[in-house]
Amino acid sequence: MSETQSSNETISPAPGPLGGTIRLPGDKSISHRYAMLAAIAEGTSVICNYSSGADCHSTLGCLRSLGVEVKEDGRDVTVRGDGLHGFECYAWQLDAGNSGSTIRMLSGILAGQAFVSRLGGDESLSKRPMQRIMTPLEKMGAKISARDGKFPPIEIHGGALQPIEYDMPVASAQVKSCVLLAGLYADGETLVREPARTRDHTEVALREFGAEVATGRGWASVRGPAKLHGRELSVPGDLSSAAFFLVAAAIVPGSSVIVQGVGLNPTRATLIDFLVMAGVEIRILEMGMKNGEPVGDLLVRGTRLKGGVIEKQWVAALIDEIPVLAILGAVSEGGLTVRDAAELRLKETDRIETLAVNLRRMGVAIEPAPDGFHIPGGQRFRAAELDSCGDHRIAMACAVAALRADGPCVIQNADAAAVSFPEFWQSLRGLAS
């Protein structure tokens, strides 16, 4: 079904229903958080099923540069922490690669260190704004400078921090996490209010490591200075990665796919809710808890699709999955409308623009807007040359669309998928063979 040429992938239409069982790499969001907290905990932590994505290994690289002992054995990672102030000053620039999670969340920890830190990344990351973390960290007492006042690389003059109450102007799990992590170093309670519910992996992980955390409707707080303890942890399968296979099975008639051991945190499972509302048949076969995170097996079958609308509070919960949901929208009866999602323009690419360019190449109508788009339903995909533009989620969404095309599609810069899911192409081949 697929063959590799340099960084391109050729994806042929699915020859029949997709079928089989797939186990995903560890959840990217949780892997970042476990590694960072293990690095500032006291003692040794073992993290099983750590994400294989390049972004999460950028986090490990930064931690190593800060003097943290990190050992990898396949998908298991061992981190030895020396407490909140166990980092060593790194004289050069820490490299976050393509990872917004790394640079934004690690900044919260570095704001509490008694030295100067510099963080940067690749060309894509260097275009992503950092004011959202700079503002609350400066309110807590850190001094931060950035290129043109808002872009990486950033320089953090850390030190003693003060607790704050912070009302986030835009819902962002990364910003919330950054402030809560900085709050571990402040003397007192740091509280963050969010305008819409975002993923709560940081709050769950903080509790697992022994921090004093409180949560309520629309807010979370942490009390510092905290004392964290090393743990043995298991990372559930990545639901954001599962989204591509759930949608693939949904749009290829007759498909039946099982996704094993996937994280079903309620702040992430909005994806399941939306897919069911859009007409996708999904069953939870088994469910349990691992380190405070719900985990289960999902069965998804191809079925008649209705489409839907993503707006308001749905946006923050589905922001990463919108590219592949656009593919589902195009083949559904009612199409897909996305509003209130201007954040899409600030990701690895302007995802509204890159989606529009690629879908139009496939003959699919899309009406972009400043904060979203509308895709009419009942459309067909033509074979085309597509381009991820270096964005992992665009690369994988294009691959899913190619399964319903009228001929083979070439996806340029397909290696971008390695940012979150290096095994994606092999896994997709396995279900379509």
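The values are calculated or read from the model by the stated rules, or taken from the named source; none is laboratory data. Small disclaimer: the values here were computed from a predicted structure and weren't measured. No Cβ is skipped: glycine too gets one built from the backbone with ideal geometry, and neighbour counts run over all protein chains shown.
In this structure, does residue 221 turn out to be out of contact with any Asp or Glu (no Cβ under 7 Å at 6 or more places or on another chain), surrounded by fewer than 23 Cβ atoms within 10 Å (Cβ to Cβ), among the hydroxyl-bearing types (Ser, Thr, Tyr) and over 23 Å from residue 392 (Cα atoms)? Steps first, answer last, please.
Working: out of contact with any Asp or Glu (no Cβ under 7 Å at 6 or more places or on another chain): no; surrounded by fewer than 23 Cβ atoms within 10 Å (Cβ to Cβ): yes; among the hydroxyl-bearing types (Ser, Thr, Tyr): yes; over 23 Å from residue 392 (Cα atoms): yes.
No.
Residue by residue, here is whether (1) small (Gly, Ala, Ser); (2) at positive phi; (3) touching a helix residue (DSSP H, G or I) at 6+ places or on another chain (Cβ under 8 Å) holds:
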site: 132; (1), (2), (3): no, no, yes
site: 143; (1), (2), (3): no, no, no
site: 157; (1), (2), (3): no, no, no
site: 230; (1), (2), (3): yes, no, yes
site: 235; (1), (2), (3): no, no, yes
site: 238; (1), (2), (3): no, no, yes
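Residues in the stretch 324-339: is at least one modelled with pLDDT of 95 or more, assigned to a loop (DSSP other than H, G, I, E, B), within 30 Å of residue 209 (Cα to Cα) and of a type outside the set (A, V, I, L, M, F, W, C)?
First pass over the stretch 324-339, keeping only residues modelled with pLDDT of 95 or more: 324-339.
Pick out the ones that are also assigned to a loop (DSSP other than H, G, I, E, B) and you get 332-335, 339.
Remaining after also requiring within 30 Å of residue 209 (Cα to Cα): none.
No, because not a single residue in the stretch 324-339 is modelled with pLDDT of 95 or more, assigned to a loop (DSSP other than H, G, I, E, B), within 30 Å of residue 209 (Cα to Cα) and of a type outside the set (A, V, I, L, M, F, W, C).
Does residue 52 meet the test of being of a type in the set (S, T, N, Q), under 23 Å from residue 418 (Cα atoms) and outside the structural domain of residue 199 (by TED's automatic domain parsing)? Give the derivation first.
Working: of a type in the set (S, T, N, Q): yes; under 23 Å from residue 418 (Cα atoms): yes; outside the structural domain of residue 199 (by TED's automatic domain parsing): no.
The answer is no for residue 52.
Of the residues in the stretch 47-62, how many are closer than 19 Å to residue 261 by Cα and either modelled with pLDDT of 95 or more or surrounded by 24 or more Cβ atoms within 10 Å (Cβ to Cβ) (or both)?
Step one: list which residues in the stretch 47-62 are closer than 19 Å to residue 261 by Cα, which gives 47-53.
Applying the additional criterion that residues be either modelled with pLDDT of 95 or more or surrounded by 24 or more Cβ atoms within 10 Å (Cβ to Cβ) (or both) yields 47-51, 53.
Going through the stretch 47-62 one residue at a time, the tally reaches 6.
Listed residues 365, 402; which is more than 22 Å from the chain's Cα centre (by Cα) and buried (at least 24 other Cβ atoms within 10 Å of the Cβ)?
Details: 365 fails: buried (at least 24 other Cβ atoms within 10 Å of the Cβ).
When all the criteria are applied, what remains is 402.
Please find, among 261, 254, the residue that is surrounded by 18 or more Cβ atoms within 10 Å (Cβ to Cβ) and either touching a strand residue (DSSP E or B) at 6+ places or on another chain (Cβ under 7 Å) or farther than 22 Å from residue 314 by Cβ (or both). Even if it seems obvious, please write down each step before you answer.
On the way: 254 fails: surrounded by 18 or more Cβ atoms within 10 Å (Cβ to Cβ).
Exactly one residue qualifies, and that residue is 261.
For residue 195, only one of the following conditions fails: (1) within 29 Å of residue 315 (Cα to Cα); (2) over 22 Å from the mean Cα position of the chain (by Cα); (3) surrounded by fewer than 22 Cβ atoms within 10 Å (Cβ to Cβ). What is its number?
Of (1) within 29 Å of residue 315 (Cα to Cα); (2) over 22 Å from the mean Cα position of the chain (by Cα); (3) surrounded by fewer than 22 Cβ atoms within 10 Å (Cβ to Cβ), only one is false for residue 195: (2).
Of (1) surrounded by fewer than 17 Cβ atoms within 10 Å (Cβ to Cβ); (2) at pLDDT below 95; (3) in contact with a Lys or Arg (Cβ under 7 Å, 6 or more places away or on another chain); (4) not acidic (Asp, Glu), residue 285 satisfies all except one. Which?
So residue 285 meets the others, but not (3).
Is it the case that residue 112 is buried (at least 23 other Cβ atoms within 10 Å of the Cβ), among the small types (Gly, Ala, Ser) and under 28 Å from residue 46 (Cα atoms)? So that I can check it myself, show each step before the final result.
On the way: buried (at least 23 other Cβ atoms within 10 Å of the Cβ): yes; among the small types (Gly, Ala, Ser): yes; under 28 Å from residue 46 (Cα atoms): yes.
So residue 112 fits the description; yes.
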